[in-house]
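In what follows, a structure is listed as structure tokens, so that the remarks can point back to it.
Computed from the coordinates by the stated procedures, all read-outs in this text should not be read as laboratory data. All of these numbers come straight from a predicted model, not from anything done at the bench. As a convention, Cβ positions derive from the backbone with ideal geometry for all residues, glycine included, and neighbour counts pool all protein chains shown.
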Amino acid sequence: MDKTWKELYDNDNPPGPNALDSFWPTDIRRLFIEFSNDMNYNYKLLLNIIVYSKTYGWKFKLAKNRVVLINNIIIVNDAFYVDKICVKNELDLKRAEEFVLSLYTNAFIAESEKKITKRKRAQAERSRQRMEQESNERESFSKKVGKDKFNQFRWANRISRRLLVRLYESDAKMMLDDELLDEVGFTIYTRCLQGRDESILFGENKMKCHNCGAILTAQSRGELLTCDCGHSYLLREYKRSFVADGMPSRSATIFFNEFIDKWPTAKDSTTKMQLIDWVIHQCHQSMQTGVKSTIDGKNFKFAGINIIEGSPKQVAELITHLAYGDSITEK
């Protein structure tokens, strides 16, 4: 006889994320997924609280904003229970969902909204206190170190839209400007390389001094790091500056890392132009497939904003024109 849910997972052995997949027959697992999805989609109710019961073993609770609507979502070998309703087929599932709806009253909704409002207020207050504390720390450190040597970050430039257009125009006329080609290519390469290398560093609680290049290690995000050259930094401000400048991180897009690997080995003008054109087309592809890039805390659905100067709209328009070979003039 197969072991029960309670026998498989005791109080000291909670089920893993895929435990139900191997425990249930496919049809019951499908019903449970359908129930979970319906609750989330229709009512924003989640099966996100799992607790141990001496009677039932590990069970779920159905809740909204951590306010519990149903205490007992119970697992058995060939079914699951929503309170006292046994779900084995679609008809049972409908009965269970109707039962949930009967409990989903205005009073319950008001209670859950009240709780989330309280949580948001508490979070806002914690954020306010943290920002005030950080502001005081920055002011204190700035006075101690001097503004000209405190949190002075230098990020590699984005490529100018005007120069990119000029490069494509020279290529279209079969009069490729080699000097411009190198300027555009090295600008993209330098920015991507700095982004990749420094995102690896702050992933290890390290940073590079932007004055002399020394590697500094922090024990905490709020620790003042002072380089031998006299410049000082806060690791948290280093990370924020990185994001605010829109630097391409190691994990931002695979093709930026591929460009870094290929550019130093591109020796002739044709190969260099093909590589630049390839990365522009990859940026265009990311616009269509939803690869996201983050600038100033906002998500944009294309990666070109990381390497080309201008507003998201300006960069998107330029990439589209370049990708399709249209004529465009940037002022």
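Here are some notes:
- With respect to the chain, whose longest principal axis is taken over its alpha-carbon atoms, helix 312-323 is tilted by about 70°.
- Nitroxide proxy distance, nm - points 7 Å out along Cα→Cβ at Glu258 and Arg162: 3.2 nm
- Summary of the geometry: region 135-193 and region 32-56, compared by the centres of their Cα atoms, lie 50 Å apart.
- Checking the cross-link pairs Lys144/Lys206; Lys120/Lys143; Lys59/Lys94; Lys173/Lys313; Lys54/Lys88 against a 29 Å limit on the alpha carbon distance flags Lys120/Lys143 as lying beyond it.
- Taking amide hydrogens as placed 1.01 Å from N in the peptide plane, the amide H of Leu69 sits under 5 Å from those of Leu62, Ala63, Lys64, each at least 5 positions away in sequence or on another chain.
- The chain - Cys residues lacking any other Cys C-beta under 4.7 Å: Cys86, Cys192, Cys283
- Axis of helix 90-103 versus longest Cα principal axis of the chain: the two differ by about 90°, to the nearest ten degrees.
- Chain lengthening between Lys206 and Thr190 when straightened (0.36 nm per residue, less Cα-Cα): 3.8 nm
- The lysines within cross-link reach of Lys262, meaning a Cα-to-Cα straight distance under 17 Å and a gap of 8 or more places when in the same chain, are Lys272.
- Using a Förster distance of 56 Å, the FRET efficiency for Ala172-Thr55 (Cβ separation, nearest 0.05): 0.15
- Table column - 3J(HN,Hα) (Hz), region 165-179, Karplus curve with 6.51, -1.76, 1.60, x for Gly and Pro: 5, 4, 5, 5, 5, 5, 5, 5, 8, 6, 10, 4, 7, 5, 5
- For the chain, the mean residue ellipticity at 222 nm estimated from helices alone is -17000 deg cm²/dmol, where every DSSP H run of n ≥ 4 contributes -39500 (n - 2.57) and the total is divided by all residues, rounded to the nearest 500.
- Acute angle (nearest 10 degrees) that the helix 235-244 long axis makes with the longest principal axis of the chain, alpha-carbon atoms: 80 degrees
- Residues whose placed amide H lies under 5 Å from that of Lys88, excluding near-sequence neighbours: Leu93
- This ranking places Thr226, Thr55, Thr187 by how few other beta-carbon atoms lie within 10 Å of each, fewest first, which gives Thr55, Thr226, Thr187.
- Fewest-first ranking of Ile305, Ile49, using other Cβ atoms within 10 Å as the exposure measure: Ile49, Ile305
- Zone of Ile116's modelled label, taken as backbone nitrogen in region 53-77 under 17 Å from a point 7 Å along Cα→Cβ: 62-70
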